[in-house]
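Novice: Okay, here's the structure, questions in a sec.
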């Protein structure tokens, strides 16, 4: 599914003070994904038409086994996600 590669997000903290963040790359994808959750939007509503299909139980088992083997054989490094807080003007 396509997502923007850069987003600006305005939030409120517990004291209702506004904060504005910019996220790029994986951070932007994460923000968009989580905001979809908050808005009740599931991934099947965002998927490109014709790209979803039913997955058979044996496919799930085979994929789980392959993934377990893959993690045993390789080290993974998590991509760093950087958020940049931006100053807000009084009108925002």
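The values are calculated or read from the model by the stated rules, or taken from the named source; none is laboratory data. Worth saying up front: this structure is predicted, and the values here are computed from it rather than measured. Here Cβ is always computed from backbone atoms with ideal geometry, including for glycine, and neighbour counts include all displayed protein chains.
Novice: Return the residues of the stretch 36-65 that are farther than 18 Å from residue 2 by Cα and surrounded by 10 or more Cβ atoms within 10 Å (Cβ to Cβ); say none if nothing qualifies.
Specialist: Those that are farther than 18 Å from residue 2 by Cα and surrounded by 10 or more Cβ atoms within 10 Å (Cβ to Cβ): 59, 60, 61, 62, 63, 64, 65.
Novice: For the stretch 54-66, check the following and say yes or no: at least one residue is over 22 Å from the mean Cα position of the chain (by Cα), at pLDDT below 80 and farther than 26 Å from residue 28 by Cβ.
Specialist: No - not one qualifying residue is present in the stretch 54-66.
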